[in-house]
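Below: the structure, in structure tokens.
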Amino acid sequence: MISKIGIIVPTLGKRPDYLQQCLSSIRAAGDAFILLVAPSDFDSKALLSSGLIDQVADDPQSGLPAAINLGIRELPDDVKFTNWLGDDDMLAPDSLGKTSKVLESNPDVVLVFGSCDYVDPKGEVLWTNRSGQWAVPLLRFGPDLIPQPGALFRRESFNAIGALSAEFDWAFDFDLFIKLSKKGSVRFIPETVASFRWHPESLSVEFRAKSVEEASRVRVSHLPAILRRLSAIWEYPVRQATLIAGSRVNSKARKIAQSR
């Protein structure tokens, strides 16, 4: 029987140890159909035979949003709820049961998210993002504080908004969350549902400046036309504050990691 939950794992196959941990964590998180999107020359036989993944799709080599969109399209028809997980990130045990229960019990909810641990390369917790329900209205005028790892959304709603936008390289999840919030309710649960691995190679760390700039474009694109003309008044300070906050977080993470 096909699971109602489908998790996409896009990978380049360059971090096999992290990938193994990622896939194992999804299995421990609940009943999920795991679809790996990887380069055509990636050898997935061992992962398929071990049961860590259920299906493989060839990466279209058109960027991360395109890889995720392909994976969600390729999921079995029975899959109702979905998300993607970076190949160096992890889900918390039983987290999929907790998030899917919210979607099953509340037809008006299109997206559910929880807290997210930030862990070092060895998997030790540095700090926890417990943004809470207030992160939802903040989407419209501030930074995106909804952790993407561990979230779960309705596949039907995802398809209704036209999937992930290829316009953005880094802030496409931010754009997705705003679009989903226009389709229905977004719910926070007070549970730690995932771990984001902080390390020098993490894309969201290495390219933070570009991510912040893209996030600004996302916010502005969702404003009424009359407010777009005025958005520069508040967008510049929001971008600067986000960059400063990000730098402080990265500095703190480095100090904690170096002290261990």
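Listed here are the residues, each with its yes/no results for (1) at pLDDT below 80; (2) β-branched (Val, Ile, Thr); (3) part of a strand (DSSP E or B).
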| site | (1), (2), (3) |
| --- | --- |
| ARG217 | no, no, no |
| ILE233 | yes, yes, no |
| LEU243 | yes, no, no |
| GLY246 | yes, no, no |
| VAL249 | yes, yes, no |
| ILE256 | yes, yes, no |
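Does region 73-93 contain at least one residue that is over 25 Å from LYS122 (Cα atoms), out of contact with any His (no Cβ under 7 Å at 6 or more places or on another chain) and of a type in the set (Gly, Ala, Ser)?
Looking for residues that are over 25 Å from LYS122 (Cα atoms), out of contact with any His (no Cβ under 7 Å at 6 or more places or on another chain) and of a type in the set (Gly, Ala, Ser), one finds none in region 73-93, hence no.
Wholly within region 1-85, which helices (runs of 4 or more DSSP H) include no fewer than the required count, namely at least 2 residues that are over 18 Å from PHE172 (Cα atoms)? Steps first, please.
Details: elements: 16-29, 45-50, 64-74.
Hits in region 1-85: 16-29, 45-50.
Residues in region 86-109 that are outside any loop (DSSP other than H, G, I, E, B) and either of a type outside the set (A, V, I, L, M) or crowded, with 24+ Cβ neighbours inside 10 Å (or both): how many?
Count: 11.
Go through (1) at pLDDT 95 or above; (2) of a type outside the set (A, V, I, L, M, F, W, C); (3) within 14 Å of the chain's Cα centre (by Cα); (4) under 24 Å from VAL218 (Cβ atoms) one by one and return the number of the condition ASP117 breaks.
(4) is the only condition that ASP117 fails.
For region 130-149, what are the residues that are surrounded by fewer than 20 Cβ atoms within 10 Å (Cβ to Cβ) and not in a loop (DSSP other than H, G, I, E, B)?
PRO137, LEU138
So, in region 34-60, how many residues would count as being surrounded by fewer than 16 Cβ atoms within 10 Å (Cβ to Cβ) and within 17 Å of ILE5 (Cβ to Cβ)?
1
Considering only residues that are modelled with pLDDT under 95 and surrounded by 17 or more Cβ atoms within 10 Å (Cβ to Cβ), which ones fall in region 11-33?
Answer for region 11-33, where residues must be modelled with pLDDT under 95 and surrounded by 17 or more Cβ atoms within 10 Å (Cβ to Cβ): just ARG15.
Take the conditions in contact with a Gly (Cβ under 9 Å, 6 or more places away or on another chain) and over 30 Å from SER105 (Cβ atoms) and apply them to ALA38. Does it pass? Can you show your working first?
Details: in contact with a Gly (Cβ under 9 Å, 6 or more places away or on another chain): yes; over 30 Å from SER105 (Cβ atoms): yes.
When the stated conditions are applied, ALA38 passes them.
The values are calculated or read from the model by the stated rules, or taken from the named source; none is laboratory data. Nothing here was measured: the structure is a model prediction, and the numbers come from that model. Methodologically, a virtual Cβ is constructed for each residue, glycine included, from the backbone with ideal geometry; neighbour enumeration extends over all protein chains shown.
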